[in-house]
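What follows draws every value from the coordinates through simple rules; no lab data is involved. Keep in mind that what you see is a predicted model, and the values were worked out from it rather than measured. All Cβ positions, even for glycine, are placed from backbone atoms using ideal geometry, and neighbour counts span all protein chains on display.
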Amino acid sequence: MLIIPAIDLRSGRCVRLTQGRRNSAKVYEDNPVEIARTFEAAGAQMLHVVDLDGAFSESNFRNRQVLREIVQTTGIPVQFGGGLRHEEDVSEVVGLGVARVVIGTLAVESPETLEKLLRQFGTERIAVGIDAKEGRVVTSGWEKEELVSALDFALQVAALGAERIIYTDVARDGMLTGPNLEAACAIARASGLKVTASGGVASLENIERLATSNCGIDSVIVGKALYEGRFTIGEALKFQA
């Protein structure tokens, strides 16, 4: 079980949202690069960075600057997503040194582009973000509800050659109510994909349940619980295999 601390960027600052609502941002740190260094020093083996401004189709120049600084000043892989709506966006962040790119809206709207990106960059470097609300996929910064279910979409991207999905239950994200283990496991079992669970982690017990689920979930993204002091990254890493 890989433990991946999250850094969500809004206007160049480290924030957390509640259920993905754009006006719910709580600022935790003005220097996300320092947060990244702290996570690395504590033993994290990967960082999950999200460009919230990009996800909301807002100006994100400052966030890209921060991303570049994080990649250049840390020695661990960076997984990045948010607002990557075109092939050129993906190529740009790969060029910055991002180890794994997460695409969501683009994958839903243009499966052929997803397939092309998987061929171009390899399945290790392209993950599909499946964000779900009441079982249905949501896109465009979680503000647009699609007709396809999260499970059906997982099967579709698996058929296109994807290897990994990042599954997020939007209703639980930032709520500290625990992850939707049942839904994540159902998707992992049905699709055969590697699954990174995201959204709602509140305690070390939550991480332990994910680590012992044996259903295909091999990693978890942790955000608000770390910033709120529910536990430290060092404590969480005890469950990392």
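Remarks
- Within segment 222-238, being touching a strand residue (DSSP E or B) at 6+ places or on another chain (Cβ under 7 Å), in a helix (DSSP H, G or I) and of a type in the set (A, V, I, L, M, F, W, C) holds for LEU226, ILE233, ALA236, LEU237.
- Among the candidates ARG230, ARG189, ARG164, residue that is among the basic types (Lys, Arg), more than 17 Å from ILE103 (Cβ to Cβ) and buried (at least 17 other Cβ atoms within 10 Å of the Cβ): ARG230
- Any hit, segment 58-71, residues being out of contact with any helix residue (DSSP H, G or I) (no Cβ under 6 Å at 6 or more places or on another chain), surrounded by 22 or more Cβ atoms within 10 Å (Cβ to Cβ), within 26 Å of ALA236 (Cα to Cα) and in contact (Cβ under 8 Å) with a residue 60 or more places away in the chain: no
- Filter result (surrounded by 15 or more Cβ atoms within 10 Å (Cβ to Cβ) and farther than 22 Å from ARG189 by Cβ) within segment 127-144: VAL138, THR139, SER140, GLY141, TRP142
- Flag for ARG85 being assigned to a helix (DSSP H, G or I) and either in contact with a helix residue (DSSP H, G or I) (Cβ under 9 Å, 6 or more places away or on another chain) or over 29 Å from GLY216 (Cβ atoms) (or both): no
- A Cβ distance below 7 Å, combined with a sequence gap of six or more or placement on separate chains, defines the contacts here; from segment 217-241, residues that are over 21 Å from TYR167 (Cβ atoms) reach residues that are in a strand (DSSP E or B) and of a type outside the set (A, V, I, L, M, F, W, C) in the pairs TYR227/ARG16; TYR227/TYR28; ILE233/PRO5.
- Verdict on VAL90 being part of a helix (DSSP H, G or I) and either surrounded by 22 or more Cβ atoms within 10 Å (Cβ to Cβ) or not small (Gly, Ala, Ser) (or both): yes
- Qualifying positions in segment 38-51 - crowded, with 16+ Cβ neighbours inside 10 Å and either among the aliphatic types (A, V, I, L, M) or within 20 Å of LEU237 (Cβ to Cβ) (or both): PHE39, GLU40, ALA44, MET46, LEU47, HIS48, VAL49, VAL50
- Pairs meeting the criteria (first residue in segment 102-116 and touching a residue at least 24 places away in the same chain (Cβ under 8 Å), second residue part of a loop (DSSP other than H, G, I, E, B) and among the small types (Gly, Ala, Ser), beta carbons under 7 Å, at least 6 apart or on different chains) are THR105/SER140; GLU115/GLY161.
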